[in-house]
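Note sheet for the following structure.
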Amino acid sequence: MHNIDDPAFHDNRKYNYNDTINVEREEYKKIVELIPEGAKIIDLGCGNGNLIEMLINKKNVSAVGIDISDSGISECKRKGLDAVQGAIDKKLDFKDNEFDYAICNVTIQMVNYPEVLLKEMKRIAKYQIISFPNFAFYKNRLQLLLKGKMPDTMLFGYKWFSSGHIHQLSIKDFKELIRQTGNMKIIKHEFVQPKYPIQNILMRTFPNLFQYIPIFVIQKIKD
């Protein structure tokens with residue numbers, strides 16, 4: 001365990017992607033399956049561009065990425081990806097319906113204004129794909145109940161004070177936000193596949209309790 005004054009102490013708020021250059025997250029494969037061949041996509045919170053690179057290689061998409069991180073954008077540029085630096089929870093400099101899909105992978109809980117992010121995703125793309133760590137996951141509930149402290153499960157090894165996760169949410173919270181945003185509907189609900197069949201059954205039967213990383217496909221409804 002590192003002391004906070006130790007240079008090796010990790011601070012997730014700095015969004016440093018230098019140590020994740022070739023990391024393939026568990027949900028990438030599922031997101032790739034959801035995107036049709038040749039689609040035009042934007043990845044909001046693209047990090048180092050690993051997901052974009054996979055989509056280009058496997059689905060021949062045209063893609064743009066946005067991220068707030070210096071190291072993330074530098075790595076995207078090194079890979080030859082079209083990516084710009086900036087916040088994603090504000091008015092974005094793109095036209096209405098400019099993209100087929102707007103993707104926000106495990107990032108909505110890290111922005112200051114998730115409701116603004118969602119509205120912008122709705123504006124610039126016909127479909128939205130959003131994934132996030134489900135804070136109502138049963139391990140979180142048990143840690144909070146038994147230990148009486150902020151659960152570590154959803155913080156990916158960081159602490160509550162050094163995590164970029166500032167708006168923890170559950171599946172129920174997310175669905176409520178979709179309803180409040182208006183003119184959007186969830187058309188598909190996926191999740192990172194477990195190793196064992198019984199886990200799959202539990203995840204489908206009690207999603208808010210057993211899904212670790214839910215993935216939603218949302219369709220914009222015309223005004």
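Please give the net charge around I103, taking every other residue with its beta carbon less than 11 angstrom from that of I103, where Lys and Arg add +1 and Asp and Glu add -1. Working shown, then result.
Details: positive: none; negative: E27, D43, D100.
Taking every other residue near I103 into account, the sum is -3.
An oblate overall shape is assigned to the stretch 107-223, the ratio a/c of its alpha-carbon gyration tensor axes (a ≥ b ≥ c) being 1.5 or greater and a/b not exceeding b/c. Cross-link pairs exceeding 31 Å between alpha carbons, from the set K59/K149; K59/K91; K58/K126: K59/K149.
Net charge within 10 Å of I41 by Cβ-Cβ distance, Lys/Arg positive one each and Asp/Glu negative one each, not counting I41 itself? Display every interim value, and only then the final one.
Numbers: positive: K40, K59; negative: D43, D100.
With Lys, Arg at +1 and Asp, Glu at -1, the neighbours total 0.
When restricted to Cα atoms, the stretch 39-153 yields an Rg and a Dmax of 15.9, 49 Å, respectively. A crude spin-label estimate for the pair F156 and I187, with each label 7 Å from Cα along the Cβ direction, gives 2.8 nm. Find out how many positive minus negative residues lie around N208, taking Lys and Arg as positive, Asp and Glu as negative, among other residues whose Cβ is under 11 Å from that of N208. Summing Lys and Arg as +1 and Asp and Glu as -1 gives +2.
For the stretch 190-196, putting each phi into the Karplus relation 6.51 cos²θ - 1.76 cosθ + 1.60 with θ = phi - 60° gives couplings of 10, 7, 5, 5, x, 7, 10 Hz, in residue order, rounded to whole numbers and with x for Gly and Pro.
The numbers here are math on the coordinates, done by the rules we state, and not lab data. Since we're looking at a predicted model, the values are computed, not measured. Backbone-built Cβ (ideal geometry, glycine too); neighbour counts: all protein chains shown.
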